[in-house]
Structures are given as C-alpha cells and as structure tokens.
1. Please tell me if Met124 is in contact with an Asp or Glu (Cβ under 6 Å, 6 or more places away or on another chain) and crowded, with 17+ Cβ neighbours inside 10 Å.
2. Within the range 265-279, identify whether any single residue is surrounded by 20 or more Cβ atoms within 10 Å (Cβ to Cβ) and touching a residue at least 60 places away in the same chain (Cβ under 8 Å), and answer yes or no.
3. Restricting attention to the range 3-60, report how many residues are more than 29 Å from Phe151 (Cβ to Cβ) and surrounded by 15 or more Cβ atoms within 10 Å (Cβ to Cβ).
4. What strands (runs of 3 or more DSSP E) completely inside the range 38-120 contain at least 3 residues that are of a type outside the set (A, V, I, L, M) and farther than 25 Å from Thr169 by Cβ?
5. Please verify whether Phe209 is in the same structural domain as Ala123 (by TED's automatic domain parsing) and over 17 Å from Asp127 (Cα atoms), treating the condition exactly as stated.
Amino acid sequence: MIQHFEELTQPQLSFQGFAFVRQSTPGQTKKGDPFYSLMLSKKSTALPAKVWHDQFAGREDEAAVMLKEGQILYIEGDTSTYNDALQMTVRYFRQAKEDEVNLEDFLETPPEPVSDLIQEFEAMLGDILDPLIRKITQSIYKKYESRFVKFPAATNNHHTFTGGLLYHTVCMMRIGLDICNRYTSVNKDFILAGMALHDVAKVMEYTSFSAPKYSIPGEFIGHISMASMLVDREVQIIITERDDKLSPLENEAVYQLQHCILSHHGRQEWGSPVEPKTLEAHIIHLIDMIDSRVNMIDRGLDQAPEGEFTKVFPLGKIFKPRST
C-alpha cells in the first residue's frame, strides 16, 4: 500500500493518501452515466485519474463540490496504464479536513527561491535603457505584481506550477541577455521588455494561481491580445500625463514592443495575431519555444526510467539517458 503520492510511478499500485485536484472535467459514458476525469498532483508529481459513477452514485451534488479544481482530497485508488500512460482509478474519496493537510505542501514551486527571482526580474527591468519602454514595462509589472509572481505560465504542458510565470519569464530573459551580449545587432530593450510582457496577461487569462482555469476574458480575448492592450493603456496614461502626443520614434518603439508580444507564438495557426517581423520578435519566439520545451521534457522525464523512451505530452516519445 502506497501512502506517498510521489511514489506512484508504475501500474498495479494501491494508494491511500491525500492529493490536490489540479484539474477536473466532468463527462458521460456512452450509457449516459456521469464520471470525472481528474489531474491529481502533489508538488511536481501529477497523475490522471478517473472517478466513475459507482463511486458517487446518490451523492452527485456532493461530488460536484468535492471534485472541483483546487480541492485537497483523501483518496483510495489503484494505478494502471491506458494508452501507454499511467493513470489511477479512484475507489473512494472524501474532502480533506483542515487539520489534516497544508495547501503549500501540495503546490509545486520554482526550483529557485521566488524572492531571488523577483529581485533578478526587477533588476533586468531596470536595465531597459529607453525611458518610455522602461516606464511602460515597469508600470504594468507593478500593477499586477502580486499575481505575476504567483501564477503559472500555463495550465498544461510547461511551467504549470505556482510561480511558473515568473520563473519562465526570468529564464527567457537570461537567455535573451546572453544573446544580446553575443550579437550586437539585437536591441536589448525590446528583448527585455518583450519577454517581460509576453505572458503578463496570463494573470487575467487564468482564474487563480493554484488551480487555474480560463477566465471569461481569457476565453474571449486571450493573453496575447490582452498584453498588447495593457501596453496601449499605459501609453494613453503617459500621453495624458504629458499633455502631448508621442514622437514618431516613440510611436515606432511602442509598435515594436507590441509586435514582440503579439507575434511571440510564432505563427498565426499557433495563436499569434501576427508573425515575427523584427529580429527581436523572432528571438523572443524561439527562446519561448526553447524554455517551454526544456521544462516540458525535464518535468516529463523526472520520474521516468533511465535508458527508455517515455511519452511526454505533447512532444511524443523522449529518451532519458542513463546517468551512469
């Protein structure tokens, strides 16, 4: 009998213990019976789970409350494989009592201290030389700082943990600075500001930091367009404060910053309204791809056996070399 969630690494294991409901999706079988597809987790360990109707028949309303995202449950279940992926079938569940668990023990955090990441991020914003671009970027950050340092960078696949947005952004900016030091043609201001703001509207696209779902504006507009809108709002505030319009060069700088944000997914079919048309926009897109994929693979292979191929969604099979 396994009591530590992180030890669920293979099929035919029985588990009794606590887990965090990261995602919950209700469904129906072909016969019309309700069931729930869950993503259970503790720290960096995550496991899909199914709760079939026979486990909550007669208490559907109670189950709808207990099986929501963000809940901590006491669970009894068994692991198996489905389509070559590990999953759990839940045999029993109940809501955890307050004196049994601590939420912080279940939430994954960045591999570096958040306080250090914040300090480094703010220092890099201070390195932006253009006063207008620096003011826009710092002002947006300060308005959303409390959420920016807690929210994940995504709901699936990469940097899905508490503080993942901050960590992903800092990692990108580190790579960006290294590229700026190697290629003198790259504008450091657009690299730093574009990366700092590329995902900033995730704090509005998602509903919470611990069990995020897409918000109404997130569904209707999306973080890419919302981030560009935030830049425009700051520009309008600056124009009002000056009681004067921006110069032609300032307007062009703002357009380039917005372009870096709007094009960072790289292709329109990947969600970008426009595709990269500046050197800095291309670099930001490529570094975003690099950092997200490194994180996907690192997390996907963390508990994987060495010397074997493991399916890492959505990248496919990835080989984990032997350490010795």
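1. Working: in contact with an Asp or Glu (Cβ under 6 Å, 6 or more places away or on another chain): no; crowded, with 17+ Cβ neighbours inside 10 Å: yes.
So Met124 fails the test.
2. Within the range 265-279, none of the residues are surrounded by 20 or more Cβ atoms within 10 Å (Cβ to Cβ) and touching a residue at least 60 places away in the same chain (Cβ under 8 Å).
3. Residues that pass the stated criteria total 8.
4. Numbers: elements: 45-51, 72-82, 85-95.
Filter on the range 38-120 gives 72-82, 85-95.
5. On the way: in the same structural domain as Ala123 (by TED's automatic domain parsing): yes; over 17 Å from Asp127 (Cα atoms): yes.
So Phe209 fits the description; yes.
Yes/no matrix, rows are residues, columns are (1) without any contact (Cβ under 8 Å) to a residue 60 or more places away in the chain; (2) surrounded by 12 or more Cβ atoms within 10 Å (Cβ to Cβ):
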| site | (1), (2) |
| --- | --- |
| Ile290 | no, yes |
| Arg293 | no, yes |
| Thr310 | yes, yes |
| Leu315 | yes, yes |
| Ser323 | yes, no |
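Residues are listed down the side, and each one gets a yes or a no for (1) over 25 Å from Gly163 (Cα atoms); (2) assigned to a loop (DSSP other than H, G, I, E, B):
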residue: Asp189; (1), (2): no, no
residue: Val200; (1), (2): no, yes
residue: Met204; (1), (2): no, no
residue: Pro217; (1), (2): no, no
residue: Ser225; (1), (2): no, no
residue: Ile237; (1), (2): yes, no
residue: Leu249; (1), (2): yes, no
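Residue-by-condition table, conditions (1) more than 26 Å from Ile284 (Cα to Cα); (2) surrounded by fewer than 13 Cβ atoms within 10 Å (Cβ to Cβ):
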position	(1), (2)
Lys213	no, no
Ile216	yes, yes
Glu234	no, no
Leu249	no, yes
Leu257	no, no
Cys260	no, no
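The values are calculated or read from the model by the stated rules, or taken from the named source; none is laboratory data. Everything numeric here is computed off the predicted structure, so don't read it as measured data. Cβ atoms come from the backbone with ideal geometry, glycine included; neighbour counts cover every protein chain shown.
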